[in-house]
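These notes concern the structure reproduced below.
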Amino acid sequence: MSPPPPDRGAEAGGPPRLNTRNLQIEESVLRQVPVRAVARFRILPVAVNGATLLLATDHERTAGEMAELNVLMDRPIDWVLCEASELTQLISHFYGLGLDAYLGWMDPSSGEVSGTVNGEPPGIRAFIDEILSEAMAIQASDIHLEPTKDDLIARFRIDGVLHDIPLPRGIGAFRKAVVSSLKVMASLDLADRRLPQDGRFEKRMDGGQLDIRVSVLPTRYGETLALRLLNRSDTFLGLHELGLPEGQRQQLDRLIQRPHGLVLFTGPTGSGKTTSQYAVLDEANNRERKIITLEDPVEYQIPGITQLQVQPGIGFTFAQGFRSVLRHDPDIILVGEIRDDETAGIAVSAALTGHLVLSTLHTNDSVSAATRLIDMGIEPYLVASSLEGVISQRLVRLLCPQCRQARPLDPGMREEGYPLMPPITADARIWEAQGCPACRFTGYHGRVALFEILEVSEGLRSLVAKRSASPRLYQAALEQGMIPLRAAGWQQVLQGRTTLGELLRTTADISPRRTGPAAIAP
């Protein structure tokens, strides 16, 4: 496939600018330039037009470089310009991340390793640093390094979704060296390749301090690694940064100001519950109320709050810690998660005896939290008396503003959206992801939370006490004005901030019957 036509907006008399949107380059074109020349000269073959080779560059070439490239290519050369950051991403995308470090440990004449240091190729640590640096730059939460029969595959979890990350050709021959180097960094047993191992190490990068947790599993073709990345330089979001519509922000403010009761955050793993909890704690943090947290682990330090990390290995569980915390006269208690009936019972008891208790629970929507507590053995009348509110949420990826593309809203999509939104105009459109260097070819950059906030009214308390099923509770919540997750998501779709596919992906666990009326938050 031919590349997009060059952008003729470049300065008069100079090379045109490369249009990187939806750029695809055929394998036969990439092979026109030796890999070492790509790395050395920072060039990218884009197309072959007759006998002429089109190369991308990020700066004007000297006469000496032009002469050397003409001899090396042995054919006419045309040029297109692109930004330095774009060229870096394009080279990594088409030739593999860590190319410079990989070439640094290879002998140009033989293609073999040029030497070893303590049994490792000399550039192996630099190669790993490039992987970590790129993961940090793109804000990946996890790195997966997976061996196959003849290769090594890398995947980054970016905004909750795994993406394949190209590595240099031939890196598979050194997959054991890559794994061994990471095991050394994580203080793991190099000799043991038969059992799972877990370790950690810290790495200072240009973007801050990385805390890296390493998990190793033995597989058929060698050891596979999962690296969880936590940037200690990051700060948690404030409540005003969560993107709550004004109506939902007022609901959450009312829940925070409750003198006592149970407020739950629900949603699947990775839906942003912890981020929301920290934002709420920061908002509630003042010298008038004592706040104690029980977490596993403590992810961010908040001045003025007493934060405890549970350690189940020595018997310091959520339930055990909860009992001790109650003796310290707290006003607000955060329990990282209600995992069992014992913790649930203590949380409800504390909520009924003058404490505001915050915690998380794994349910698909807000109203299911009440039935889940009852299923855990809590009497319905106690759930009805203690539960003040539930915040259910999902994270959807935000479209890259540089490469998103609009298209009309077709009839099928209109039918999906009718129960959830105001009347749609005939020219309504939605946006789709494409991919460009600015978003590392993912089509997305960043995420935004969708919220469904339930304030427990007296009518709902009555229904909970009567053991009403979740559908009945949900209908009652909608009638009192609760905005469902899908409705909040459709608003983001129509604003061009995310895609319909992304909304359906993240809310696939919600019953279609639980979509709600056309009410949309302002």
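The values are calculated or read from the model by the stated rules, or taken from the named source; none is laboratory data. Given the structure is predicted, the values throughout are model-derived calculations rather than measurements. In this analysis, Cβ positions are derived from the backbone assuming ideal geometry, glycine residues included, and neighbour counts consider all displayed protein chains. Surface accessibility is based on the protein's heavy atoms, side chains included, excluding ligands, DNA and RNA. Shrake-Rupley method; radii C 1.70, N 1.55, O 1.52, S 1.80 Å.
Restricting to DSSP loop positions (anything but H, G, I, E, B) with no more than 15 other Cβ atoms inside 10 Å of their own Cβ, which trypsin sites (Lys or Arg not before Pro) remain in the stretch 311-369?
For trypsin sites (Lys or Arg not before Pro) across the stretch 311-369 that sit outside H, G, I, E and B with at most 15 neighbouring Cβ atoms in 10 Å, the list reads Arg327.
Report, to the nearest 10°, how far helix 63-73 tilts away from the longest principal axis of the Cα atoms in the chain, using its own Cα long axis and a range of 0 to 90°.
The two axes meet at around 90 degrees.
Would you tally the net charge around Gly160, using a Cβ to Cβ cut-off of less than 12 Å, leaving Gly160 out, and scoring K and R as +1, D and E as -1?
For residues surrounding Gly160, the net value is +2.
Using helices alone, what [θ] at 222 nm do you get for the chain, with -39,500 (n - 2.57) per DSSP H run of 4 or more residues, divided over all residues and rounded to the nearest 500?
-9000 deg cm²/dmol
Quick one: go through the stretch 123-142 and flag any residue whose amide nitrogen is under 15 Å from the point 7 Å out along the Cα-to-Cβ line of Arg213.
Counting backbone N atoms under 15 Å from the label point, the list is 141-142.
Going by accessible area, probe 1.4 Å, with all protein chains left in place, what is the ranking of Glu299, Glu60, Glu134, Glu379, largest first?
Glu60, Glu379, Glu299, Glu134
Please list, in order, the residues from the stretch 384-408 whose amide nitrogen is less than 19 Å from a point placed 7 Å along the Cα→Cβ vector of Lys466.
It comes to 384-387, nothing else.
Could you list the residues of the stretch 195-229 with an amide nitrogen less than 18 Å from a label point located 7 Å from the Cα of Gln309 in the Cα-to-C-beta direction?
Inside the label zone: 198-204, 209-215, 228-229.
Mind checking the dipole of the chain: about its Cα centre, +1 per Lys or Arg Cβ, -1 per Asp or Glu Cβ, Debye to the nearest 20?
700 debye
For Asp129, what accessible area in Å² do you get when you roll a 1.4 Å probe over the heavy atoms of the protein chains, rounding to the nearest 10?
Solvent-accessible area, nearest 10 Å²: 50 Å².
Expressed in nm to one decimal, what extension gain is obtained for the pair Thr52 and His260 from 0.36 nm per residue of sequence separation less their Cα-Cα distance?
67.4 nm
Hey, what's the Cα Rg ratio for the stretch 259-361 versus the globular rule of thumb, 2.2 N^0.38 Å?
Relative to the 2.2 N^0.38 Å estimate, the stretch 259-361 comes out at 0.98.
Probe 1.4 Å, all protein chains in place: accessible area of Tyr444 in Å², nearest 10?
30 Å²
Work out, step by step, the length gained on full extension between Lys176 and Thr148: first 0.36 nm times the residue separation, then minus their alpha carbon distance; give nm to one decimal.
8.9 nm
Taking K and R as +1 and D and E as -1, what net charge do the other residues with C-beta under 14 Å from the C-beta of Asp341 add up to?
The answer is -3.
So for His240, His93, His163, His362, what's the accessible-area order with a 1.4 Å probe, most first?
Descending accessible area places them as His240, His362, His93, His163.
Can you pull the three principal axis extents for the Cα set of the stretch 453-493, in Å, largest first?
Principal axes ranked by extent give 38, 17, 13 Å for the Cα atoms.
Expressed as an acute angle from 0 to 90° and rounded to the nearest 10, what is the orientation of the C-alpha long axis of helix 246-256 relative to the principal long axis of the chain?
So the helix axis and the longest Cα principal axis differ by about 60 degrees.
Efficiency by 1/(1 + (r/R0)^6): what FRET value for Ser187 and Asp341, r their Cβ-Cβ distance, R0 = 41 Å, to the nearest 0.05?
0.60
Given a cut-off of 33 Å, what percent of all Cα-Cα pairs of the chain lie beyond it?
That fraction is 53 percent.
Mind pulling the angle between the C-alpha long axis of helix 485-494 and the longest principal axis of the chain? Nearest 10 degrees, somewhere in 0 to 90.
40 degrees
Simple spin-label model, 7 Å along Cα-to-Cβ: Asp129 to Asn22 in nm?
Result: 4.0 nm between the two label points.
Nearest 5 percent is fine: what portion of the DSSP beta bridges confined to the chain is antiparallel?
Bridges in the chain that DSSP calls antiparallel: roughly 65 percent.
Please list 70-77, 178-185 highest first by mean number of surrounding beta-carbon atoms within 10 Å per residue.
Top to bottom by mean Cβ count within 10 Å: 178-185, 70-77.
Counting Lys and Arg as +1 and Asp and Glu as -1, what is the net charge of the other residues whose Cβ lies under 15 Å from the Cβ of Ser187?
-1
Please name whichever of Leu294, Leu162, Asn364 sits farthest to the positive end of the charge dipole of the chain, dipole taken about the Cα centre and charges placed at Cβ: Lys and Arg +1, Asp and Glu -1.
Asn364
log10 I(q)/I(0), Debye, Cα-only the stretch 134-190, no solvent, q = 0.21, 0.26, 0.30, 0.31 Å⁻¹?
Reported log10 I(q)/I(0), two decimals: -0.89, -1.08, -1.14, -1.15.
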